[in-house]
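Undergrad: Quick one: structure below, then a few questions.
What follows is calculated from the coordinates using simple rules that are stated; it is not laboratory data. Note that the coordinates shown come from a computational prediction; the quantities given were computed from them, not determined experimentally. Ideal geometry is used to build each Cβ from the backbone, glycine not excepted, and the neighbour counts take in all protein chains shown.
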Amino acid sequence: MADKADLTKYKGVWVFAEQQDGKLAKISLELLGKARDLADKLGEKVTSVILGASVKPLADDLIAYGADRVLVAEHPELAEYRTELYTKIICEEAQKDKPEILIIGASPIGRDLTPRVSFRLHTGCTADCTELDIDPEEKILVSTRPAFGGNVMATIICPEHRPQMSTVRPGVFAVPAKDPARKGEVVTVDVNIESSDINVTVLSSSKSKKHGANIQDAVKIVSVGLGASDSTSFAAIQEIARLIDGEVGGTRPCVEKVLIEHGVQIGQTGKNVRPELYMACGISGAVQHTTGIANAKYVVAINKDPNAEIFKFANVGIAGDAKQILTAIVKAIKAVKQE
Amino acid sequence: MNIIVCIKQVPNVTQVKWDADGSLIRTGLPTIINPVDKNAIEAALQLKEQHGGKVTVLSMGPSQVESALREALCMGVDDVIQLTDRKFAGADTWATSYTIGCAIQKIGDYDLVITGVEAMDGNTAQVGPQVAEYLGLPLLSYALSIAVADGKVTIDQKLGDVARVIEAKLPALVTVEKEINEYRVTPIDKLIDAFERTIPVWGVDDISPDVVHLGLKGSPTKLRKVYSPKLEKGKVEMLEGTPDEVARQLVDKLNAKFLI
Ligand SMILES: Cc1cc2nc3c(=O)[nH]c(=O)nc-3n(C[C@H](O)[C@H](O)[C@H](O)COP(=O)(O)OP(=O)(O)OC[C@H]3O[C@@H](n4cnc5c(N)ncnc54)[C@H](O)[C@@H]3O)c2cc1C
Ligand SMILES: Cc1cc2nc3c(=O)[nH]c(=O)nc-3n(C[C@H](O)[C@H](O)[C@H](O)COP(=O)(O)OP(=O)(O)OC[C@H]3O[C@@H](n4cnc5c(N)ncnc54)[C@H](O)[C@@H]3O)c2cc1C
């Protein structure tokens, strides 16, 4: 733990760069843009930390997206993500380098890793933030997050412990422009892993292909209700999901009609979801459904009944026929994507 | 095989109410066991049925957590412990995990600790991993199944869109997803027993912690402001025009928010 008098020794903004099979996670790029912004407000540097079996080639990308420095920790044992090994290396480096701020994506890996790191460093961590800023007077990190299933927003600070840690929900911040001309420093971390550090064995690992296996973690969901369950509307829904890289979900009656699997039913007897974008198409907004979307950030509702309950949960609404509107949306997305 | 399950009592947020200033009215809200924590209890009971041993349920909170612990007894757990002390109040996840960790050390003889992945009020998903860190246990998170054999625990892990099978030596800590099982309804004989039991309440002196790490004072994070986004959400913006016009307006909005 940092003593109060020591706080000034902590400098710079750290970003944990998540990668899978040598590919950077999009959330890490989003974080670099935000970290740049925070570091500029403090007049400090951005350091990105990346761990894996062979990840050095990714360092240039991290610099191009905004890092001033990249700490690269390579070791065959780091190929598969494991909580304790990643915690050990990040904590050892953080204790040496003393970052003022450490931000990590609120991805499944980030939400597993970050609490262990913050506990070991004896510092606070604000979870699943949707906003990060620097208090102009106190020069501390101010993090905002939803809680109580999205019913409450909380603004949280960590005044007396360092680093100030936050996890950030994917899809909240824009990916910054890539600047291949940016220059930065690449530092190789000396990795020491003893057999006693290895307590968890990964017996198998596979990307699940099962449709909708991942609806709870989906960043974007296009959801079908009875009012959009005709074949034209449903085809448009699937097309929109494909175009925006989202998942298709829906209401219980659509599961009963075997239009969608139970695995993607949203609501009380289905899944609770937390996407950045939720498009409710032909859904009435029954409470058994809307409890499942309390954590959705931006809700679009399309319903022919202008008084439908779903509009009370929506940021943007369109009153009209689902078939016509959904096909028009497909066209409009294709136009902006020039597909 | 001795298992400790951590459960949180939460307000039933589907019945949340707001006062005129838009702040959450917490008094009088009905409370429930955090739903996924019932799946954690169920997982423990199933392991006990296979391997024998004892299931102990632990909950930290104000005096009303007693009712959550009685409900746990109804499900058929062997022992419950209530962690209640004014000094525990106002804890963030660090201080909560520290307090729970101290209590688990006090209980001592255990092979497995099970928690839910996430509580439906705080929503941080930090307590399980942090208790594991305090106790120095391997963490097996997001479990869709748990199996124990030869002194090892193996889980099916849902790591986002990656499905893994991971294994560790006991003792270990597992956090469970709601899909892991369907929890049981209360057998009648347990019900009567549960209401006759005296529930042990542990306070600061029972778990010998370093008191500077407890409650609000021991919490690194501080809550600056809490407000309701729902009030804004009530104002839906309706788009007007022909299907093509509204579609274009919508796509422009989504594009500006990087959602396309
Ligand atoms: C114990 C219990 C558990 C439940 N669990 C769940 C659950 O987990 N998930 C769930 O979703 N439901 C659940 N339900 C069912 C729930 O109560 C609702 O019945 C269901 O959510 C309604 O689905 P819907 O909105 O698709 O259909 P409806 O309620 O029939 O609504 C269809 C909507 O489409 C609109 N519409 C019709 N035609 C058009 C058109 N051409 N263009 C545009 N809009 C049109 C209508 O105006 C209407 O609002 C549960 C019910 C119970 C009792
Ligand atoms: C609006 C708001 C926002 C908050 N944001 C943060 C934040 O960003 N960071 C932070 O550090 N704290 C935060 N807190 C405080 C935090 O909610 C409490 O510390 C809480 O006691 C534990 O966190 P949780 O509810 O998120 O539980 P989670 O970590 O989501 O719970 C996971 C599991 O841990 C077990 N568990 C959790 N609490 C208990 C308990 N009391 N007794 C027994 N088992 C338990 C259960 O098995 C549960 O399923 C916030 C509080 C509020 C009111």
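Undergrad: Helix-derived [θ] at 222 nm for chain A: sum -39500 (n - 2.57) over DSSP H runs of at least 4, divide by residue count, nearest 500?
TA: -8000 deg cm²/dmol
Undergrad: Okay, moving on. On alpha carbon coordinates alone, what is the Rg over Rh value for the protein assembly as shown, Rh being the Kirkwood radius?
TA: 0.96
Undergrad: So which aspartates and glutamates pass the test for A:K178, namely a Cα distance under 19 Å, with those fewer than 8 places away in the same chain ruled out?
TA: Answer for A:K178, where 19 Å is the Cα cut-off: A:E18, A:E30, A:D37, A:D40, A:D60, A:D61, A:D68, listed by chain and number.
Undergrad: While we're here: Explain nothing, just the number: relative contact order of the range B:2-213, from Cα pairs under 8 Å at least 6 residues apart, as a whole percent.
TA: Computed value for the range B:2-213: 25 percent relative contact order.
Undergrad: How much of the DSSP bridge set in chain B is antiparallel, in percent, rounded to the nearest 5?
TA: 45
Undergrad: Around B:S59, under 14 Å between beta carbons, what's the net of Lys plus Arg minus Asp minus Glu among the other residues?
TA: Values: positive: B:K8, B:K38, B:R70; negative: B:D37, B:E66, B:E71, B:D79, B:D85, B:D121.
The answer is -3.
Undergrad: Roughly what % antiparallel, to the nearest 5, for the DSSP beta bridges in the protein assembly as shown?
TA: 35
Undergrad: Additional query: Charges at C-beta only: +1 for Lys and Arg, -1 for Asp and Glu. How large is the resulting dipole of the range A:215-337 about its Cα centre, in Debye rounded to 20?
TA: 220
Undergrad: Using Cβ counts within 10 Å as a stand-in for footprinting exposure, how do B:L259, A:L32 rank, fewest first? Numbers along the way, then the final one.
TA: Numbers: B:L259 20, A:L32 27.
Going from sparsest to densest Cβ surroundings: B:L259, A:L32.
Undergrad: While we're here: Taking the Cβ of B:V246 as the centre, find all other residues whose Cβ is under 15 Å away and add up their charges (Lys, Arg: +1; Asp, Glu: -1).
TA: My count for the surroundings of B:V246 gives -1.
Undergrad: In a GNM of chain A with a 10 Å cut-off on Cα contacts, which of A:A39, A:A235, A:A294 has the highest mean-square fluctuation?
TA: Result: A:A235 has the largest fluctuation of those listed.
Undergrad: Further question: About the Cα centre of the range B:2-213, what is the dipole size in debye to 20, counting +1 per Lys and Arg Cβ and -1 per Asp and Glu Cβ, all else neutral? Don't jump to the answer; show the numbers that get you there.
TA: On the way: 18 positive and 29 negative charges, 12 e Å.
The calculated dipole for the range B:2-213 is roughly 60 debye.
Undergrad: May I pose another question? Restricting the calculation to Cα positions, tell me the Rg (one decimal) and the Dmax (whole number) of chain A in Å.
TA: Values for chain A (Cα only, Rg and Dmax): 21.9, 66 Å.
Undergrad: Which is farthest toward the positive dipole end of the range A:188-339 among A:L277, A:I198, A:N295, measuring Cα position about the Cα centre, with Cβ charges +1 (Lys, Arg) and -1 (Asp, Glu)?
TA: Final value for the positive-end residue is A:L277.
Undergrad: Full extension from A:Q288 to A:E92: what is 0.36 nm times the residue separation minus their Cα-Cα distance, to one decimal in nm?
TA: Separation in residues times 0.36 nm, less the Cα-Cα distance, equals 65.9 nm.
Undergrad: Turning to a different aspect of this structure: How much of the DSSP bridge set in the range A:110-189 is antiparallel, in percent, rounded to the nearest 5?
TA: Working: 9 of 12 bridges.
Bridges in the range A:110-189 that DSSP calls antiparallel: roughly 75 percent.
Undergrad: Please report, in debye to the nearest 20, how large the charge dipole of the protein assembly as shown is about its Cα centre when each Lys and Arg carries +1 at its beta carbon and each Asp and Glu carries -1 there.
TA: It comes to approximately 980 debye.
Undergrad: Return the calculated 222 nm mean residue ellipticity for chain B, to the nearest 500 deg cm²/dmol, obtained by summing -39500 (n - 2.57) across DSSP H runs with n ≥ 4 and dividing by the residue count.
TA: -9500 deg cm²/dmol
Undergrad: Taking just the alpha carbons, could you work out the radius of gyration and Dmax for the range B:2-213, both in angstroms?
TA: That works out to 16.8, 58 Å for Rg and Dmax.
Undergrad: Where Lys and Arg each count +1 and Asp and Glu each count -1, what net charge lies around A:R69 among other residues with Cβ under 9 Å from its Cβ?
TA: Charge balance in the 9 Å sphere: -1.
Undergrad: Take A:K45, A:K56 and order them by how many other Cβ atoms sit within 10 Å, fewest up front.
TA: Listed from fewest to most nearby Cβ atoms, that is A:K56, A:K45.
Undergrad: Which order do B:V162, B:V65 fall in if you start with the one that has the fewest other Cβ atoms within 10 Å? The partial results should precede the final answer.
TA: Numbers: B:V162 19, B:V65 22.
If I rank by nearby Cβ atoms, fewest first, I get B:V162, B:V65.
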